[in-house]
Structure formats: structure tokens, C-alpha cells
Amino acid sequence: MKKYMILFFSFFLILSCEDVIDVDLNEAEERLVIEASMFRQKGFTGNNQQVRITKTRGFFEDSLTTVDDAVVTVTKDDGQIFEFVHDTAGFYRTFQFDADLMEKYYLKVEVDDEIYTAEETFMPVVRIDSVTQRNDAGFSGDEIELKAYYTDPAGEDNFYLFTFFVNFVQFPITEIFDDEFFDGNTIFALYREEELSTGDQVTIRNFGLSKQFHDYMFVLLNQIGSSGGPFQTQPATVRGNIINETNPDHFPFGYFSLSETDQFIYTVQ
């Protein structure tokens with residue numbers, strides 16, 4: 001079982017009373033960022049989907065540059081084509097997507113005379129069976145701990161992503177798993193938060209992943225969790241599954257993924 005938590009960190013500015021130091025940074029080549037994660041929650045059709053396209057920004061830039069003139073389509077293996085129409089800044093949407101599990105889909109994005117493509121399978125996921133709570137967890141013995149149980153299907157390779165979100169945090173805690181050591185068994189994803197209190201609602205979601213997307217998230221979360229200071233050697237570029245057909249060296253960032261999800265909203269006792 002592999003478990004990783006997203007660690008969010010901030011940069012600290014060192015201020016001098018007398019001198020201002022200008023740091024000459026080697027700016028990387030501007031690239032597209034294509035966020036094409038599509039979901040179908042159990043019990044819903046998954047007709048509404050979106051793709052977001054932006055560009056990378058410089059170290060000292062605050063705002064994102066959105067791409068608003070792209071042509072975005074997703075083609076299903078049976079030949080159906082779904083057009084994603086530009087809506088708001090950088091977002092392209094469709095309300096007629098046909099989300100079928102274990103079907104293959106093909107993404108195509110055209111921007112500035114370059115064509116970007118990717119392919120992925122819509123991955124299913126098991127239900128969250130139950131959630132248990134204990135109030136004496138952690139080193140101090142006074143933290144609330146939740147365990148979200150699910151049963152892995154036997155005899156097949158499965159990959160999961162769990163998120164735990166509560167309203168007083170900005171980002172959800174994220175964990176990824178594979179079933180190498182618990183194939184066919186009931187297992188749990190664990191969430192522990194010292195700030196939890198009675199009445200808080202925790203939204204727990206389980207996503208089915210392809211092996212390729214699991215491996216991508218493994219590297220990405222590992223790099224986020226082990227990042228050093230601003231002057232240390234930076235991790236290698238994490239490339240997704242989207243390629244530039246026109247100019248392969250000008251590859252984009254981002255990923256094209258399709259996941260069934262299950263959701264369990266738990267009220268802390």
C-alpha cells in the first residue's frame with residue numbers, strides 16, 4: 001500500500017533593511033497546462049464535463065494566462081465526438097458527455113496551430129462501505145481519526161485515489177493506493193486531523209485510476225511532499241499523458257484522466 005499526503009507549503013521572503021537583491025532567474029519556456037480530469041459519480045450520468053487550459057507563468061507573476069481560443073474535443077472509441085465549448089476564462093464545457101466505464105476516450109486540443117492529444121480509459125471504482133471514528137488517535141491521544149473502508153475486487157489490478165475535505169481547510173488531503181498487498185480484501189483509507197470537532201462534515205471521495213494515472217500521481221505527490229527550499233535543486237519535470245503531435249519537444253503539462261467516483265459525507269460525532 002502506498003500512501004501520500006499532499007503537503008502545502010509557503011515561500012518565506014527575507015527582507016533587508018539596506019540592500020535589495022535582484023535574483024536573475026532563468027525563465028523556462030512557456031507551455032500549455034491542460035487540466036482534463038473527468039468524473040462520473042455513482043448514481044449520476046456524468047454528462048457535464050470540463051477542460052481547463054492555461055499557460056505556465058513566471059516565478060514573480062501572480063495571475064494565470066488563460067487560453068480562450070482553443071478547439072477541444074473528446075472522441076469515444078465508438079466514434080462519438082463531444083465538442084467542448086469555451087465558457088469562462090480558460091474553461092471549456094460540454095453537457096452531453098457519454099461517460100461509459102471501461103470505454104476508451106481520445107482527447108484532442110488545437111491551440112496556435114499545434115495539436116495536443118491523449119487517450120485514456122474510463123476507470124470504475126468500488127463503493128465506500130463504511131466510515132469509523134476514534135477520538136484518541138495521534139501522539140497526544142486526543143486527535144480524531146476516520147477510517148473509510150472499501151472492498152477491493154479480487155483477481156484484478158486496481159488503483160485508487162482518496163480525498164478528505166472539511167470546510168476549514170483550503171485543499172483536501174489526498175492519498176493514493178494500489179492493491180498489490182490487499183487484493184480482494186477489505187481495507188481502509190485513513191484521515192487524521194487535530195482540528196476536527198463534533199458536527200464537522202468530512203467529504204470523502206474515492207476515485208478509480210488507471211495504472212498510468214496512479215504512477216503519475218505517485219511521482220507528483222512525492223515531489224510535492226519532498227520539495228526543498230527555493231535555492232535547492234528542483235525536482236524533475238512531471239510529464240502527463242498529453243503529447244504535442246505537431247512539436248513533441250513543446251510538450252504541455254497536465255493530464256487527461258477519466259474516473260468513476262464514490263462519495264461519503266461523514267458528520268463527526
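The values are calculated or read from the model by the stated rules, or taken from the named source; none is laboratory data. Nothing here was measured: the structure is a model prediction, and the numbers come from that model. So basically every Cβ, Gly included, is an ideal-geometry build from the backbone, and we count neighbours across all protein chains shown.
Quick one: would you say R192 is at pLDDT below 95 and surrounded by 15 or more Cβ atoms within 10 Å (Cβ to Cβ)? It is true that R192 is at pLDDT below 95 and surrounded by 15 or more Cβ atoms within 10 Å (Cβ to Cβ).
Give me the residue from region 113-139 that is assigned to a loop (DSSP other than H, G, I, E, B) and modelled with pLDDT of 95 or more and, out of that set, farthest from the chain's Cα centre (by Cα). Selected residue: D113. Among what's in region 94-120 and is out of contact with any Ser or Thr (no Cβ under 6 Å at 6 or more places or on another chain), within 14 Å of S37 (Cα to Cα) and free of Cβ contacts under 8 Å to residues at least 60 places away in the same chain, pick the residue that is surrounded by the most Cβ atoms within 10 Å (Cβ to Cβ). Out of the qualifying residues, it is F97. Selection of first residues in region 212-240 that are modelled with pLDDT of 90 or more and of second residues that are in a helix (DSSP H, G or I) and β-branched (V, I, T), restricted to Cβ pairs under 6 Å at least 6 apart or on distinct chains, gives an empty result. Among the residues of region 161-203, those identified as of a type in the set (V, I, T) and either closer than 17 Å to K147 by Cβ or in contact (Cβ under 8 Å) with a residue 40 or more places away in the chain (or both) are T163, V166, I173, T174, I176, T186, I187, T198, V202, T203. Does E35 meet the test of being part of a loop (DSSP other than H, G, I, E, B) and either of a type in the set (D, E, K, R) or at pLDDT 60 or above (or both)? No, not satisfied. Just one of (1) more than 21 Å from the chain's Cα centre (by Cα); (2) at pLDDT 95 or above; (3) not in a strand (DSSP E or B) fails for G46. It is (1).
Of all residues in region 179-193, exactly one satisfies the criterion of being in a loop (DSSP other than H, G, I, E, B), aromatic (F, W, Y) and under 17 Å from D129 (Cα atoms), namely F182.
Just so you know, in region 127-177 the residues that are aliphatic (A, V, I, L, M) and within 21 Å of F256 (Cα to Cα) include one that is surrounded by the most Cβ atoms within 10 Å (Cβ to Cβ), and it is I176. A Cβ distance below 9 Å, combined with a sequence gap of six or more or placement on separate chains, defines the contacts here; from region 28-51, residues that are of a type in the set (S, T, Y) reach residues that are assigned to a loop (DSSP other than H, G, I, E, B) in the pairs T45/F97; T45/D98; T45/A99.
I'd like to check something: does region 74-82 contain any residue that is of a type in the set (A, V, I, L, M) and either surrounded by 16 or more Cβ atoms within 10 Å (Cβ to Cβ) or modelled with pLDDT under 95 (or both)? Yes, that holds for at least one residue.
Filtering region 140-178 to residues that are among the hydrophobic types (A, V, I, L, M, F, W, C), at pLDDT below 95 and not in a strand (DSSP E or B) leaves F168, V169, F171. Limited to region 126-150, what total is found for residues that are over 20 Å from D200 (Cβ atoms) and touching a Lys or Arg at 6+ places or on another chain (Cβ under 8 Å)? Here the count works out to 2. The set of residues in region 52-73 being in a loop (DSSP other than H, G, I, E, B), touching a strand residue (DSSP E or B) at 6+ places or on another chain (Cβ under 7 Å) and modelled with pLDDT of 95 or more consists of V67, D68, A70.
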